[in-house]
1. How much mean residue ellipticity at 222 nm does the chain get from its helices, if each DSSP H run of length 4 or more adds -39500 (n - 2.57) and you divide by all residues, to the nearest 500 deg cm²/dmol?
2. Simple spin-label model, 7 Å along Cα-to-Cβ: Asp530 to Phe400 in nm?
3. Provide the FRET efficiency to the nearest 0.05 for the His295-Lys386 pair, computing r from the beta carbons and using R0 = 25 Å.
4. Between Asp205 and Thr162, what length comes free when the chain is fully extended (0.36 nm per residue of separation minus the Cα-Cα distance, one decimal in nm)?
5. In the neighborhood of Trp207, defined by Cβ-to-Cβ distances under 13 Å, what is the net charge if each Lys or Arg adds +1 and each Asp or Glu adds -1?
6. Could you check how many percent of all C-alpha pairs in region 221-300 are farther apart than 19 Å?
7. Between Asp350 and Val500, what FRET efficiency follows from the Cβ-Cβ distance if R0 is 60 Å, with the result rounded to 0.05?
8. Please identify which residues in region 509-542 have an amide N closer than 20 Å to a label point set 7 Å out from the Cα of Asp486, following the Cα→Cβ vector.
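Quick note: the coordinates plus some simple rules give every number you see, no bench work behind them. In this text the structure is predicted, and so the values were computed from the model without any measurement. Don't worry about glycine lacking a Cβ; one is built from the backbone with ideal geometry, like all the others, and counts go over all protein chains shown.
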Amino acid sequence: MKKILPKLLILLLIACLGTVFFILYEERFAYSTEKADLNAIYGVEGENDYPVILNDAFSDIHVRKIEDAYYMDYDLVLEMFNDGFYYGQADHKLVFCLAGDRIVTEAGTRQWYSHEDGTVTETYMPLVEEDGKSYVALDYVRKFANFEYAAFSEPNRVRMYTAWEPQTMVTAEKDTQIREFGGIKSAVIGEIHAGDELIVMEDLDDWLRVQTEDCLIGYLETKTVGNRRTVEREPITDYVHEEPTHLTMGGKVNMAWNMMAYPAGADLIGGLMEQTQEVNVLAPTWFTVSDEEGHVNDIGSEDYVDWAHERDIQVWGVLDNFNTGVVMTEFLAREETRGRVIEAVIDAADEYGMDGINLDFESLGAEDGENFVEFVRELSISCRRKGLFFSIDNYVPYGFNDFYNLEEQARFADYVVIMGYDEHFAGSGEPGSVASIGYVEYGITEALKEVPPEQLINGMPFYTRVWTRSEEGVSSIALGMQETQDFITEHGMEKTWGRVEGQYYAEKEENGALYQVWVEDAESLKMKLDVARDYGIAGVAEWALGFETADVWDVIGDYMRE
């Protein structure tokens, strides 16, 4: 027994040492088998939530699964893929306008329709409304944008590509695992099998950050892969963006707005045009939206158009919203009412033989922006089908009115008109010029950031404001050019040239009031025409016919004949 006991102690010691060695070895050299929490890593927020791996990188984007299709929030679709979509909340419809057609789908249905294709049925619902939001099926978005995607589960995830950069690829040479971090003790993301193809996202010498074919992302040891190579990727080009074509006058445009409040024909326009030069477009204010249901007040005249055509002058009837009792938000929000207005003016164009439509919707709010732009698209389609010119009047661009979206207007309209006046207007708290030369140049240069010069027209004023500053406050009246000169003469005012404003200035204190006038005349218009010439824009317009003096047509005529 004395001989056996030492041997047992030695064996026990060896066993203990072996156990300690094994434990130490395991702690240092053995590969962890702990499973990573994939839902937490990918940021899955629910059973139907699918985070997006965008262009081989984690993103903040999520899509959701509805039935067997995958959907993206409408606002994100506009931001990421194509801002040509329009969601009509009042109608529960999603619209996409092409140059000559509209593609429309209604929420909760599996159909879409267009003039060209009729009604088409899909296996999914293109538009879904849930939880107060609208979602668009990615398969439907793919009809209007170039990208690819694939969805996977456990965890939920979508791999999406919108860019087609070359990828570095490797091939797994043995079975292994990818891990949450670079290190053998890191938790396991997934299993890798010999022959698997992997995308290399980052090279850390001993470890590579990789992505599997089913979009699992993690780290694996560099020694387990081979066949490193660069792979060029074939871009998706199924969707071809269609730009509308534009009608052009073939030279400079000189459009004279003709303000009208009642029906009148050739008897009126003949007298107004007697002293003009080089006017090639007349824009009579014939059409006004008269109510929220989209009815139109029409005072057009075939005789007027015939008179103009006999003199090679086009007529672009003005469609405006100057009936202040109409709530434009209600009218613009509905497809039916937008369509009723469009049908009315297009029918009138046929009846009177008009050449175009000039749209002048003013005093809209930011909440009307998307609806207004959709109206522009829809009206442009009808004009294009009929071969009518389409122009749109706009304020001088500032941040507060950028919802008028000049860039999108320029896509669909033939001409974009900047009303380069009302720098100071009736409601202004401070007297000033109607259209100083700096204001005019600012309007043109800002508009040219969004509108090609060959589509841009600058509107000039044929009127002046006479300002009165008194104990009652500041007020003004708008006068035509001759009336302004008469006012200056009657009050014994002396004009001085204002180099900064690019026009004459006159003032007079009388009976406790200060009268101030920044004069619009032939000289101030010549400076505006010089700016139009310098920037090579499409032409000019004048508000309004009959307010001018004869001499302004000499400088306008010179500009047009150059």
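1. Only helices count here, giving -8000 deg cm²/dmol.
2. Using points 7 Å along Cα→Cβ, the separation is 3.1 nm.
3. 0.75
4. Going from the current span to full extension adds 12.6 nm.
5. Neighbour charge sum, excluding Trp207 itself: -2.
6. Everything past 19 Å amounts to 68 percent.
7. That pair, Asp350 with Val500, gives E of 0.75.
8. Residues 515-522 fall inside that zone.
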